[in-house]
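Chemist: Please see the structure below; I have some questions.
Here, each number is a calculation from the coordinates, and none is a lab measurement. In this text, all values refer to a predicted model and were calculated from it rather than measured experimentally. Heads up, the Cβs are rebuilt from the backbone with ideal geometry, glycines too, and the neighbour counts pull from every protein chain shown.
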Amino acid sequence: MSCPMDGGRGFTLMELLVVLLIIGVLSTVAIRTIDATRDRALFDQTAEEMKELAQAVVGNPELLTDGRRVDFGFYGDVGRMPVDLRELVESSDPNWRGPYIRRGLAGDSVGYLYDAWGDMYVFDNLNGVITSPGNGKYPMTTPIVENVAHLRQNTISGSVVDSDLNPPGDASVAVDLYIRPGENKYASVDRGGKYEFAEVPIGTHRIKAYSTTTLDSVVRWVTVAPRTDPVVDFRLTRPLGNFLRLVNKVRIPLEPADSSGFEFDVINVNVADVTVDSVTILLIDPDSAFYRNLTVGGGVRRGFPLVQLVDTGFGENRPAPVYDLDGNPLTIEPNGAQTVTFGFLDFHDDWWGATPPINIHGKKFIFKFSDGSEITVEP
């Protein structure tokens, strides 16, 4: 048997079988190559879809504004894992802000539920894992987060000081954390200004420090990513204590016109009245000195005294009462609306005044008022 195209020699049956075998092998290799290439494309497509599904649940960490992460997906809005993947497109939860799947990925109404081979994804919402069967040959698993507990086991802490950088002390100060309706947190601030929130879910939250003493507040925003413990510090705009402030210069009164006494003016910078019922000298230079006359005027330097104590000595750690003739403590109006003059007169080096008056010019005095305010003067 010969073939007309073999130059007259002709193919033998064996040669023809070899040719057919080679063609079959090449065909098989080509088909397998095509299948492998197709599977590789479907594998890559599925991997990308699973990544987008994971980001739909907990957000894309690469989406930033001013260097701060702004995308926390379904969990950031709702505060929990989806019951199933369908909640990424439709949910009755009042905090839902979706859909969280890009329209191109969703395709039809249920396309996002299936991998590139047409098999349904398996979503384990307890452990935060998405799985694809991979056509039985290439099973794939994508963890949404390293540990689901990391989505909530975060801490916010910080400090609160007043406008003078002082901690609250006895002032009433607190911090509110607004996460979402029905899930807000409150923390009290200790005397040193420290506060802390535990079990904070991921997301961008509003946080406010405020004082009921001064009616002052400051609002900030905090970003909480998985496994983070952000620190948020506050500085309020008003003082939390020491509301009485020295105004004008310390001066020697006209009567008596000597160096054994002085007076100064104070205002109240708080937003509410300050009540004073006593005043004490904390530190005296010289070592000891006692004044025998305390006068408190109502906004004029030598006006009618609110208090006048005569023939009684008051010195270091001996509080002098500040009451009017009816037994009422001194009340100073808020917001600097009232200037009050305090006069500390007739100083001696003994409390009963048996010695001559002493010259206190150029000496340092620190006065502590009963509201906690301290004023340092050098007449």
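Chemist: Multiply the residue gap between Thr37 and Asp164 by 0.36 nm, knock off their C-alpha separation, and tell me the result in nm, one decimal place. Can you show the working numbers first?
Modeler: Details: separation 127, 0.36 × 127 = 45.72 nm, distance 6.93 nm.
Using 0.36 nm per residue and subtracting the Cα-Cα distance, I get 38.8 nm.
Chemist: Now for a different question. Separation of region 316-348 and region 188-248 by C-alpha centroid, Å?
Modeler: When both Cα centres are located, 34 Å separates them.
Chemist: Summing +1 for each Lys or Arg and -1 for each Asp or Glu, what net charge is found among the other residues whose Cβ lies under 9 Å from the Cβ of Ile375?
Modeler: +1
Chemist: Moving on. Among Ser163, Val218, Pro201, flag the residue with its Cα farthest along the positive direction of the charge dipole of region 152-235, charges on Cβ as +1 for Lys/Arg and -1 for Asp/Glu.
Modeler: Of Ser163, Val218, Pro201, it is Pro201.
Chemist: Checking the table Lys249/Lys368; Lys51/Lys185; Lys51/Lys137 against a 28 Å threshold on Cα-Cα, which pairs fail?
Modeler: Cα-Cα > 28 Å for Lys51/Lys185; rest within.
Chemist: For Cα pairs less than 8 Å apart in space and 6+ apart in sequence, what is the mean separation divided by the residue count of region 152-235, i.e. the relative contact order in percent?
Modeler: The value is 39 percent.
Chemist: Now a separate question. Ranked highest first by average number of other Cβ atoms within 10 Å, how do 238-246, 273-281, 360-368 line up?
Modeler: 238-246, 273-281, 360-368
Chemist: How much net charge surrounds Arg245 when only the other residues with a Cβ under 11 Å from the Cβ of Arg245 are counted, with Lys and Arg +1 and Asp and Glu -1? Write out the running numbers ahead of the final one.
Modeler: Working: positive: none; negative: Asp164, Asp265, Glu374.
Counting the neighbours of Arg245, the net charge comes to -3.
Chemist: Additional query: Extending each Cα 7 Å along its Cβ direction at Glu90 and Arg152, get the distance between those two points in nm, one decimal.
Modeler: Result: 2.8 nm between the two label points.
Chemist: I'd like the projected area of region 37-138, averaged over all directions, using the convex hull of its alpha carbons. Report it in nm² with one decimal.
Modeler: That works out to 7.4 nm², a quarter of the Cα hull's surface.
Chemist: What ranking do 59-72, 197-210, 327-340 get when scored by the average of other Cβ atoms within 10 Å per residue, highest first?
Modeler: Highest-to-lowest ranking by the protection proxy: 197-210, 327-340, 59-72.
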